[in-house]
Structure formats: C-alpha cells, structure tokens
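Peer 1: Quick one: this structure, given as structure tokens, is what I'll be asking you about.
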Amino acid sequence: MPPFPFARTLVHRPIVDSTSDLARALITSESIDLPLLVLADRQTKGRGRGDHAWWSDAGSLTFTLALDPETHALRRDHEPRFALASAVAIIDAIAAEWPGLPLGIRWPNDVEALGKKLGGILPERLDTPFGPRLLIGIGLNVSTRLDHAPPDVRLMAASLSDSLAEPIEPSDVLSVLLQSLESILPRLAADDPMLAARWAELDTLLGEPLRVDLGPRILNGIGRGIDPRGALLVGVEEGVVPLFGGQVLRAPPASTRS
C-alpha cells in the first residue's frame with residue numbers, strides 16, 4: 001500500500017515527460033489496482049489544456065491520479081465539473097493547512113493566488129480494455145523557482161512558498177491534497193449543491209470583462225458566475241450565455257477597463 005491517502009497503487013519517477021502520459025500508458029496496458037497515483041519529482045513536458053505546456057521544476061508538485069469513474073459513482077455529465085471540484089479540493093486543503101492566502105478558481109481549471117496562477121488541473125477520460133478511466137493531472141507551484149522560469153511564466157505564475165513567505169515543500173502538500181480529493185468525489189457524485197456554491201464563491205472571473213476564444217469567434221462579455229453544471233456564465237447584450245468550452249483570454253489591464 002502506498003504511503004499516501006486514497007491511492008492504492010503508487011508509481012514514482014524522478015523525471016518523466018508527463019505524469020498523465022505515463023498514467024495513460026500504464027492503465028491502457030495492464031489491469032492496475034485503482035486509484036493509481038503517478039508522481040514525479042520533475043516533469044519535462046507537462047501538458048495543460050489544448051496545446052498548452054506546463055512548466056515546472058523540482059519545487060513543483062506534479063502528479064496524476066487515475067480513477068475508475070464507476071467505482072466513485074461518477075457519470076458522464078459530471079465530467080465538465082471534474083476540474084472545478086478538484087480545484088475546490090485543492091483550495092480547501094491549502095486553506096486548512098496554510099490559512100490567510102486569498103485563493104480562487106479561474107474557470108475552467110486553474111487555481112489562482114493573488115490573481116496569479118498557482119496550479120493547473122487537466123482532467124481526461126479514456127476508454128481502456130479494462131473499462132472507462134478518468135485521469136486528473138495536477139501541477140502546483142509549491143517551492144517553484146519562478147525566477148528560473150520562462151518570462152511568460154514569471155509574469156503570470158505564483159508559488160505557494162513565495163506567496164506565504166514560508167518554506168513549503170511538495171511533499172508537505174501531497175497528502176493533504178489527496179485526502180481532500182478523496183472527500184470531494186462523493187460530493188460531486190451526489191450533486192452536492194454546496195459544492196457548486198463553493199466553486200461559484202471562488203470564481204475569480206465574476207464581474208470581470210472577459211474575452212473568450214471559442215475557435216471560430218471571440219465572445220466578449222462580463223463574467224456572471226459558474227453555474228451548478230460547471231458552465232461559465234458570460235453576460236452579453238442579448239443575455240447570459242453558458243459556456244462549457246473555450247479559452248478565457250487574459251483581460252486588459254485595469255487602467256484600460258471602462
């Protein structure tokens with residue numbers, strides 16, 4: 001049994017390209033006692049949403065959990081909410097252990113601290129010879145040396161240690177996150193209205209001017225919350241539009257807002 005809560009199988013590597021890619025390879029090639037925790041000291045090709053990359057170093061916490069959705073009573077319609085529920089679990093775990101840091105959710109899958117990106121969540125569903133599986137890849141800047149990061153990362157990212165001005169190591173965070181993730185899944189499966197209220201409360205885009213890239217067009221509007229289905233609500237002239245996909249572009253600086 002791994003020395004961590006929730007996980008029944010542990011695979012630890014000092015360096016991997018991507019914990020999610022390794023988890024995918026493992027669960028599609030053999031029957032594994034789930035949940036599977038794939039943990040790396042460092043990722044070299046971490047993935048974000050779409051074609052985005054996730055930069056990390058040895059001070060980052062990078063791992064992927066592989067779950068059997070049927071074991072946890074998770075339906076297909078829960079999947080748009082999986083990242084939001086995971087973000088709530090991460091924020092509540094950090095707030096309980098290291099209180100005082102303003103944290104929030106940037107829809108659909110980022111955890112923010114003081115308006116900067118603290119972590120990202122990449123949920124994926126795949127069909128395997130052993131049944132459907134859910135992957136949840138998590139990257140969290142714990143004691144990440146952002147001064148070593150690429151310039152675009154330095155501008156938008158935050159680390160837990162720097163934000164709290166105290167030394168915190170990835171190993172300090174992992175167990176509390178896993179406990180919190182384990183406790184959040186039954187609430188998601190039960191469509192707990194308090195869980196939906198929590199991600200709505202943590203919405204950092206509420207009331208903000210938004211530009212959302214929908215592929216064929218850009219939607220401009222005002223953030224009007226995150227609904228219980230996990231949709232981002234965008235206020236436009238015609239009313240409120242619910243979005244289940246799209247990339248929220250960075251809003252213009254406050255000095256240019258009307």
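Peer 1: Based on what the data block shows, is Ala58 aliphatic (A, V, I, L, M), closer than 20 Å to Arg8 by Cβ and touching a helix residue (DSSP H, G or I) at 6+ places or on another chain (Cβ under 9 Å)?
Peer 2: no
Peer 1: Residue by residue through segment 25-43, note down the ones that are within 18 Å of the chain's Cα centre (by Cα) and within 11 Å of Leu67 (Cα to Cα).
Peer 2: Taking segment 25-43 and keeping what is within 18 Å of the chain's Cα centre (by Cα), we get 35-40, 42-43.
Result: Pro35, Leu36, Leu37.
Peer 1: Tell me which residues, restricted to segment 117-171, are farther than 25 Å from Thr204 by Cβ and among the polar types (S, T, N, Q).
Peer 2: Answer for segment 117-171, where residues must be farther than 25 Å from Thr204 by Cβ and among the polar types (S, T, N, Q): Thr128, Ser171.
Peer 1: Would a scan of segment 131-145 turn up a residue that is open to solvent by 20 Å² or more (accessible area, probe 1.4 Å) and of a type in the set (A, V, I, L, M, F, W, C)?
Peer 2: Within segment 131-145, none of the residues are open to solvent by 20 Å² or more (accessible area, probe 1.4 Å) and of a type in the set (A, V, I, L, M, F, W, C).
Peer 1: From the list Ala95, Ala89, which residue is over 18 Å from Phe6 (Cβ atoms) and small (Gly, Ala, Ser)?
Peer 2: Matching residue, one of Ala95, Ala89: Ala95.
Peer 1: Then there is this: Restricting attention to strands (runs of 3 or more DSSP E) lying wholly within segment 55-138, give those where 3 or more residues are at pLDDT below 95 and among the hydroxyl-bearing types (Ser, Thr, Tyr).
Peer 2: Qualifying strands (runs of 3 or more DSSP E): none found.
Peer 1: Could you list, ordered by first residue, the pairs with Cβ atoms under 7 Å in which the first is in segment 107-134 and within 20 Å of Leu181 (Cβ to Cβ) and touching a residue at least 40 places away in the same chain (Cβ under 8 Å) and the second is of a type in the set (A, V, I, L, M) and surrounded by fewer than 17 Cβ atoms within 10 Å (Cβ to Cβ), at least 6 apart or interchain?
Peer 2: If the second residue must be of a type in the set (A, V, I, L, M) and surrounded by fewer than 17 Cβ atoms within 10 Å (Cβ to Cβ), the pairs left are Ala113/Leu101; Lys117/Met156; Arg133/Leu126.
Peer 1: Quick one: in segment 1-24, of everything that is buried (at least 20 other Cβ atoms within 10 Å of the Cβ) and in contact (Cβ under 8 Å) with a residue 60 or more places away in the chain, which residue is farthest from Leu67 (Cα to Cα)?
Peer 2: The extreme case among them is Ser18.
The values are calculated or read from the model by the stated rules, or taken from the named source; none is laboratory data. For clarity, every value in this text was computed on a predicted model and none was experimentally measured. Here the Cβ is made from the backbone with ideal geometry for all residues, glycine too, and neighbour counts use every protein chain on show. Remember, those area values only see protein heavy atoms, side chains included, never the ligands or the DNA or RNA. Shrake-Rupley method; radii C 1.70, N 1.55, O 1.52, S 1.80 Å.
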